[in-house]
Each structure stands twice: as structure tokens, then as C-alpha cells.
């Protein structure tokens with residue numbers, strides 16, 4: 001299996017869809033690569049998110065309210081909203097094997113947005129469209 005680059009993985013994240021290759025590369029340049037052991041929590045439900053995590057290699061479980069809801073493969077990303085907002089995590093993500101992850105911190109990401117306003121504008125438009133779509137779905141469900 002060919003290993004995808006971090007910027008290729010970012011392109012698959014809805015928040016970053018539509019950014020140029022150079023913009024994606026600039027975001028991926030902020031990433032810090034970490035090797036973490038099996039059993040390590042990558043996120044904890046209810047905790048305030050401070051970073052965005054891309055699982056490059058290894059296996060994880062996504063746990064909501066104590067129940068495993070997904071066992072995604074490498075290439076999944078967690079916490080993109082944490083880059084923009086201080087919301088509580090909606091799930092715990094735990095490594096079930098040793099993992100290699102790229103982590104992008106909120107502070108570094110916000111500094112990038114200050115240096116590159118077009119990226120921030122794109123993200124605001126994308127978030128507004130996603131929130132609008134969510135509101136439409138939830139109002140139609142009642």
C-alpha cells in the first residue's frame with residue numbers, strides 16, 4: 001500500500017476540502033510526527049481539544065460514552081474543529097497498537113491563519129456551509 005503524505009490526507013478532511021496543494025502543504029508543515037504506544041489516548045471525550053491528529057500508521061478505536069463506535073484504519077483524522085474552536089471532544093480515540101501520528105497544535109495553526117488570511121477565509125466559509133447544512137438537517141428532522 002502506498003503511503004499518502006500528510007497534505008494528501010488533509011485534502012480528504014471536509015474542513016480543508018478545496019484548499020490548494022500549496023495551502024495544504026503549508027498546513028502539513030505545522031505537523032509534529034509522534035510515535036505513540038498502544039493504549040495511549042489520542043483524544044479524551046469531554047476534554048477541550050487543543051490539536052488536530054492524523055493517524056499515519058497503526059490501529060485505533062473511537063469510543064463514545066464507553067462504547068466502541070468505530071475501528072478506523074490509518075489515514076483517519078481527528079479534531080479539526082479543535083483548530084478553530086475550544087469545544088469539548090466528542091469521543092475518546094485510543095491506540096490499540098503502536099501508532100505514528102502527525103499532530104497540529106491550535107496555536108501554530110492560528111499563527112498560520114494570521115500569516116495566510118486566504119486560508120482562514122476559506123475555512124470560515126467551509127465551516128459556515130457545514131453548520132448551515134447541519135442546521136437544515138436537524139430542523140428537517142423535527
Subset of region 84-108 (residues that are touching a residue at least 40 places away in the same chain (Cβ under 8 Å), touching a helix residue (DSSP H, G or I) at 6+ places or on another chain (Cβ under 9 Å) and either surrounded by fewer than 12 Cβ atoms within 10 Å (Cβ to Cβ) or part of a helix (DSSP H, G or I) (or both)): 106
Counted residues, region 67-83 - those being exposed (fewer than 12 other Cβ atoms within 10 Å of the Cβ) and closer than 15 Å to residue 55 by Cα: 2
Quick one: is residue 68 under 24 Å from residue 97 (Cα atoms) and without any contact (Cβ under 8 Å) to a residue 24 or more places away in the chain? yes
Note on residue 111: of the conditions (1) under 23 Å from residue 130 (Cβ atoms); (2) assigned to a helix (DSSP H, G or I); (3) at pLDDT 90 or above, unmet is (1)
Report yes if some residue within region 53-63 is within 24 Å of residue 128 (Cβ to Cβ) and loosely packed, with under 15 Cβ neighbours inside 10 Å; otherwise report no. no
Tally, over region 114-135, of residues that are outside any helix (DSSP H, G or I) and either without any contact (Cβ under 8 Å) to a residue 24 or more places away in the chain or on the phi > 0 side of the Ramachandran plot (or both): 0
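The values are calculated or read from the model by the stated rules, or taken from the named source; none is laboratory data. Just so we're clear, the structure is a prediction, and the values are computed from it rather than from any experiment. All Cβ positions, even for glycine, are placed from backbone atoms using ideal geometry, and neighbour counts span all protein chains on display.
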